[in-house]
1. Anything in the range A:122-154 that is within 14 Å of chain B (Cβ to nearest Cβ) and either open to solvent by 30 Å² or more (accessible area, probe 1.4 Å) or hydrophobic (A, V, I, L, M, F, W, C) (or both)? List them, or say none.
2. Please state which of the following conditions B:A72 fails to meet, knowing it meets all the rest: (1) within 12 Å of chain A (Cβ to nearest Cβ); (2) at pLDDT 95 or above.
3. Quickly run through the range A:155-210 and pick out the residues that are crowded, with 19+ Cβ neighbours inside 10 Å and of a type in the set (K, R).
4. Check B:P38 against each of (1) crowded, with 18+ Cβ neighbours inside 10 Å; (2) of a type outside the set (D, E, K, R); (3) touching a residue at least 24 places away in the same chain (Cβ under 8 Å); (4) in the same structural domain as B:L170 (by TED's automatic domain parsing) and name the one condition it does not meet.
5. Return the residues of the range B:202-230 that are open to solvent by less than 10 Å² (accessible area, probe 1.4 Å) and of a type in the set (F, W, Y); say none if nothing qualifies.
6. Quick check: anything in the range B:126-138 under 18 Å from B:G83 (Cα atoms) and either in contact with a helix residue (DSSP H, G or I) (Cβ under 9 Å, 6 or more places away or on another chain) or open to solvent by less than 10 Å² (accessible area, probe 1.4 Å) (or both)?
7. Given the condition over 16 Å from B:V85 (Cα atoms) and either out of contact with any Cys (no Cβ under 6 Å at 6 or more places or on another chain) or assigned by TED's automatic domain parsing to the domain that holds B:P76 (or both), answer yes or no: does some residue in the range B:159-171 qualify?
8. Checking B:G59 against (1) at the interface with chain A (Cβ under 9 Å from one of its Cβ atoms); (2) of a type outside the set (K, R); (3) part of a strand (DSSP E or B); (4) in contact with an Asp or Glu (Cβ under 7 Å, 6 or more places away or on another chain): exactly one of these is not met. Which one?
Amino acid sequence: MNYDWNWSIFLAPTIDGASRYVWWILSGLAFTVFISLCAWAIALVIGIGLGVTRTLPPRLGRALATAYVELFRNVPLLVQLFFWYYIAPVVFLPVSLQTALNRANPVATQTLTMIVCLGLFTAARVCEQVRAGIQAQPRGRFNAGYALGLTRIHVYRFVILPLAFRVIVPPLTSEFLNVFKNSAVALTIGLLELTARSRQMGEFTAHVFEAFIAATLLYFLIAQITSHAMHALEARLRIPGHGLGGSA
Amino acid sequence: MSEPIVIESVSKWYGETQVLFDCNARIAKGEVVVVCGPSGSGKSTLIKCINALEPIQRGRIVVGEHTLPAPAAQLPAIRAKVGMVFQHFELFPHMDVLHNLTFAPMRVLKRDRAAATDKALGLLQRVGLSAFAGKFPGQLSGGQQQRVAIARALCMEPECMLFDEPTSALDPEMVNEVLDVMTGLAAEGMTMVCVTHEMGFARKVAHRVLFMDEGKIFDDCASEVFFAERESRSTRAQKFLSSIVA
């Protein structure tokens, strides 16, 4: 293979002369991290709500939550992104708002769209894990709470959810990691996140390998930090004398 | 004597399957009633109906001034007055012993922390576990966990106590420490309904024995009568007794 390695290319000025390639990559990284953390926050809030709903008696709530999961889990993320970016505004927004959206800063609309899309997509997956964590709790544990006169809200909030959450930290960790990786589809609507920036750098400099190796290492670094943080959380939540929080 | 628990013509189904058949019983204040019978006879189901952990489809149950079935919104208030101890202890594993004891009094009875803690420490001392207030349930033996569970129920100052096979999950050497606590409670005049296979406890402590089989109450009599006059009991009870009492 005849490839002209040049790692100092990162310090070279960009083609427009306005920046250096290292800053391109780092700004891409910033977008990736920002989008992912915002999407994860949305996914946790909606996912926990849906997951709890799926374990409650009211049938309508359960049916709606199930429908949500089926819809968002079974349609490819890329298709969902195109839907939110190209179709949803035209179908759902009044013309005046559409015009305002078209005039708005495209980076802002792309970022917002990606956060919402990835958040709603991941919520379906978080929902299923929360539901599994709740259903892993023994019946007697609910009964013990009810027998003390606690309401369902108390039992869920103070007994079941804290224990269910401990059970699902490991699968939630891999879901969290997926969020970072899935955020790369944002490049298809023109958002310059990490993958897009490295592709852009590769195209302008012909140093494709350096650019994608940098991106790969940065994704790897994000994943390492995330899984270490989640491990630390798991250790912090460990109950003395108790296993994982499944059964006694 | 007032009657804190009255069970009237109670029937219950799981789907199509009937599990309780027209059960009747009256339990007086301060009375200790043992419910016994072969497994699958509906004993646990019956006492779970008393605090509405299991809904009933026919009949009614009077608990203090409340009557079941009742609207779901009233159930927490009813249950708060009925203590329950479970076969598998069911302490909250992520709370230490003291927190297990103070949690419901603070949330449900709105006690302040100091009052709830005082009460909890007093009850822990009574079940002989003062030194364990800061331990987690997973760090205790089964017998210790069950004594904590009894103390937890007592922290709510219940009008009566339900015991659902409280010693069945225990190693043999731990059974007595739990029965001793229950015996002490009975001596103090607590109204108790105990599902148990401990016939020694039934003989010594219970005032009355209910014998159940296949979802029906076959015998309801004073415990001395139940054990002394076996031949006058239902044939099912005789068979049950001869199979478990040597």
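1. Of everything in the range A:122-154, those that are within 14 Å of chain B (Cβ to nearest Cβ) and either open to solvent by 30 Å² or more (accessible area, probe 1.4 Å) or hydrophobic (A, V, I, L, M, F, W, C) (or both) turn out to be A:A136, A:P138, A:R139, A:F142, A:A144, A:A147, A:L148, A:L150, A:T151, A:R152, A:I153, A:H154.
2. Of the numbered conditions (1) within 12 Å of chain A (Cβ to nearest Cβ); (2) at pLDDT 95 or above, the odd one out for B:A72 is (2).
3. Answer for the range A:155-210, where residues must be crowded, with 19+ Cβ neighbours inside 10 Å and of a type in the set (K, R): A:R166, A:R197.
4. For B:P38, the exception is condition (1).
5. Residues satisfying the conditions are B:F211, B:F226.
6. Among the residues of the range B:126-138, at least one is under 18 Å from B:G83 (Cα atoms) and either in contact with a helix residue (DSSP H, G or I) (Cβ under 9 Å, 6 or more places away or on another chain) or open to solvent by less than 10 Å² (accessible area, probe 1.4 Å) (or both), which makes the answer yes.
7. Within the range B:159-171, one or more residues are over 16 Å from B:V85 (Cα atoms) and either out of contact with any Cys (no Cβ under 6 Å at 6 or more places or on another chain) or assigned by TED's automatic domain parsing to the domain that holds B:P76 (or both).
8. (1)
The values are calculated or read from the model by the stated rules, or taken from the named source; none is laboratory data. Computed from a predicted structure; not experimentally measured. In this analysis, Cβ positions are derived from the backbone assuming ideal geometry, glycine residues included, and neighbour counts consider all displayed protein chains. SASA here: full protein model, heavy atoms, side chains in, ligands and nucleic acids out. Shrake-Rupley method; radii C 1.70, N 1.55, O 1.52, S 1.80 Å.
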